[in-house]
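Written out below as structure tokens is the structure these notes cover.
The values are calculated or read from the model by the stated rules, or taken from the named source; none is laboratory data. Bear in mind that the values here come from a model prediction, so they are computed numbers and not experimental data. Here the Cβ positions follow ideal geometry from the backbone for every residue, glycine too, while neighbour counts run over all protein chains shown.
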Amino acid sequence: MEKRTIVKMPGDGIGKVVLEESIRVLDAAGFEANYIEGDIGWKFWCTEGDPLPQRTIDLLADHKIGLFGAITSKPKDEAFEGLIPELKEKGLVYSSPIVGLRQHFGLDICLRPCRTYKGNPLNFIRRGKGNTIEEPEVDVAIFRQNTEGLYGGVEWSDPPDQVYDALMTHPKFQKNFGDAPKEEISVSTRIFTKNATERILRAAFEHAKNYGYKSVTVCEKPNVIRETSGMMYKMAQQIQKADFPEIELWNTNIDAQMMWLTKNPENYGVIVAGNMFGDIVSDGFAGLIGGLGFACSAQYNPETGVGVFEPTHGSAPKYADYPVSIVNPIAMIESACMMLDYIDEQEIAKMIRKAVAEVVAEGKVRTYDMAKMSGRPDVIEHGAASTVQMTDAIIDKL
């Protein structure tokens with residue numbers, strides 16, 4: 001069988017390190033592929049004025065599957081200062097390349113699983129009856145709508161006249177903001193479409209059905225954001241009643257959900273939300289399983305077959321400069337496993353996950369976060385495993 005080609009996109013900072021470690025694990029597990037590097041990230045913004053060059057888009061369009069490390073994103077003014085001098089006069093505006101990838105390829109379905117590893121010293125614990133200590137097992141699959149909502153990029157400062165005039169037709173805008181000078185107004189939109197909302201809801205219900213979850217929770221804010229959150233919940237009710245009556249439909253507000261995270265996280269199965277709230281609740285659940293060092297994700301379009309797989313942590317540039325890398329590679333390795341699931345290499349994914357679970361449970365090799373140390377360059381001297389040592393331990397189990 002011809003080897004599959006994977007577009008590897010290291011990006012910035014620690015992304016370059018953890019991506020290579022995940023490929024070492026894939027190789028050791030017997031997954032054979034050709035890897036082509038795609039340019040993406042801060043370096044290409046600074047030198048070319050484009051953090052997502054067309055050549056990288058073309059690579060992903062050809063080969064469909066991407067492994068992504070991490071990127072550095074900065075606010076508008078800081079990003080402008082990063083440009084080389086000859087680009088500063090061209091009116092360029094920085095935008096996140098990973099958001100650009102999502103929107104270009106319609107990667108509107110984002111899955112962020114959060115599962116407890118037994119023996120992980122970072123697992124959430126709570127007090128139970130009689131002052132006992134409980135460690136609930138978390139197994140939550142969070143579906144985040146990936147291309148719309150607050151991340152859709154439809155926003156203005158000092159909105160153009162036609163936008164301002166349209167806003168003024170809404171009585172609440174007129175009442176609450178009509179006296180504010182137009183040049184002092186900034187507007188970010190939250191747009192939901194029925195088509196994209198139905199896709200993410202159906203993906204969530206199908207996942208619950210296929211993997212034996214008993215409930216799907218819509219985590220939004222329909223009591224206040226009535227049009228968008230309200231539409232999502234109403235559509236969920238219709239879909240559940242018509243096609244998934246055996247799966248319970250729950251409804252939580254995002255603020256209450258964050259409070260309940262530490263009360264009964266084991267009760268939740270599949271959670272589905274719009275872009276911003278999905279981002280928030282997935283980070284919250286990631287905190288219960290050990291933090292972003294364990295948080296993986298997949299984003300894909302089932303119609304085109306394009307999928308990009310990445311850890312949810314950032315580029316952490318200060319760690320990238322350490323002489324020995326200390327960061328936890330498990331989130332990236334788990335993201336590679338999600339890629340394997342997507343391309344029907346489930347047996348290899350299962351083998352890698354088993355190896356990771358054994359290393360965590362054994363407890364002999366722990367990165368600085370698992371050892372509950374601050375992220376200083378000297379943690380290796382105090383017993384923490386380096387990034388490479390953690391990868392080596394996983395490969396040894398394989």
>> Can you go through Glu220, Glu227 and tell me which one is over 20 Å from Met338 (Cβ atoms), buried (at least 24 other Cβ atoms within 10 Å of the Cβ) and among the charged types (D, E, K, R)?
In response: Glu220
> Within segment 316-330, can you find the residues that are over 16 Å from the mean Cα position of the chain (by Cα), in a loop (DSSP other than H, G, I, E, B) and touching a residue at least 24 places away in the same chain (Cβ under 8 Å)?
Replying inline: Tyr322, Pro323, Val324, Ser325, Ile326, Val327, Asn328
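With at pLDDT 95 or above, over 26 Å from Ile330 (Cβ atoms), among the basic types (Lys, Arg) and not in a strand (DSSP E or B) as the only criterion, which of Lys263, Lys234 stands out? Can you show your working first?
Values: Lys263 fails: at pLDDT 95 or above.
The unique qualifying residue is Lys234.
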> Which of the residues that make up segment 43-87 are of a type in the set (Gly, Ala, Ser), farther than 27 Å from Ser22 by Cα and assigned to a loop (DSSP other than H, G, I, E, B)?
Replying inline: Gly49
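May I ask you to list the residues in segment 288-318 that are among the acidic types (Asp, Glu) and surrounded by fewer than 18 Cβ atoms within 10 Å (Cβ to Cβ)?
The initial filter retains those residues of segment 288-318 that are among the acidic types (Asp, Glu), namely 303, 310.
Passing the criteria: only Glu303.
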> Gln54 versus (1) at pLDDT below 95; (2) more than 19 Å from the chain's Cα centre (by Cα): which is the lone unmet condition?
Replying inline: (1)
> For the subset of segment 95-116 comprising residues that are touching a helix residue (DSSP H, G or I) at 6+ places or on another chain (Cβ under 7 Å) and surrounded by fewer than 21 Cβ atoms within 10 Å (Cβ to Cβ), which member is nearest to Ala286 (Cα to Cα)?
Replying inline: Val99
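Kindly evaluate Leu107 against the criterion of being under 26 Å from Arg353 (Cβ atoms), assigned to a loop (DSSP other than H, G, I, E, B), touching a residue at least 40 places away in the same chain (Cβ under 8 Å) and in contact with a strand residue (DSSP E or B) (Cβ under 8 Å, 6 or more places away or on another chain).
yes
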> Can you name the condition, by its number, that Asp321 falls short on among (1) surrounded by fewer than 16 Cβ atoms within 10 Å (Cβ to Cβ); (2) of a type in the set (D, E, K, R); (3) not assigned by TED's automatic domain parsing to the domain that holds Val359?
Replying inline: (3)
>> Can you tell me which condition Phe124 does not meet? The list is (1) under 29 Å from Leu201 (Cα atoms); (2) out of contact with any Phe, Trp or Tyr (no Cβ under 9 Å at 6 or more places or on another chain); (3) at pLDDT below 95, and all the others hold.
In response: (3)
>> Suppose the filter is acidic (Asp, Glu) and in contact (Cβ under 8 Å) with a residue 40 or more places away in the chain; does Asp279 pass it?
In response: yes
>> Name the single residue that is surrounded by the most Cβ atoms within 10 Å (Cβ to Cβ) among those in segment 123-158 being polar (S, T, N, Q) and either over 20 Å from the mean Cα position of the chain (by Cα) or more than 25 Å from Arg112 (Cα to Cα) (or both).
In response: Ser157
